[in-house]
Amino acid sequence: MPNRFILEKDERAIISGFHTEIAALKAKEALERLGIIDIKINQTDYQPFTGNELSRENALTGDFPGLASSVYDTEFSRDLSILLSASPDASGLTDRAADNIGIDVVLTVVLDHSKLDQAEQILKKYGARI
């Protein structure tokens, strides 16, 4: 399937999140039976925390290590710090309810707009957050 970024007139895309890759794979199988244009599963993750204690510096002097280091109270590489800072846990964009933590498997599907409702039902059946 071609890798493209522009949907055709009658196409729709759904981006959904799962707690496990197994659930995403089951949803993928069901969606494939529905007939889809494209589907992909990706897992977002990052390296484990080091556990090093962090001494917070002054953000105004430029010595502040970043949001992730502050929230998780440990030090990270610059690249990992940027990735972790985008996490809903670090940014405060999650209410920390169990349903909102650990959704790190992303299933993206492109399908004909006439199958949108059916696809959403399939995704929800397998525990997706849409």
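Read the figures in this text as sums done on the coordinates, not as results from a lab. Keep in mind that this is a model prediction, so the values were computed, not measured.
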HN-Hα J in Hz across the stretch 28-40 - Karplus 6.51, -1.76, 1.60, θ = phi - 60°, x for Gly and Pro: 4, 4, 5, 5, 4, 5, 5, x, 10, 8, 7, 8, 8
Difference of contour (0.36 nm per residue) and Cα-Cα distance, Glu21 to Gln118: 32.8 nm
For the stretch 8-21, 3J(HN,Hα) per residue [Karplus equation, 6.51 cos²θ - 1.76 cosθ + 1.60, θ = phi - 60°, Hz, x = Gly/Pro]: 6, 3, 9, 9, 9, 10, 10, 10, 10, x, 10, 7, 9, 5
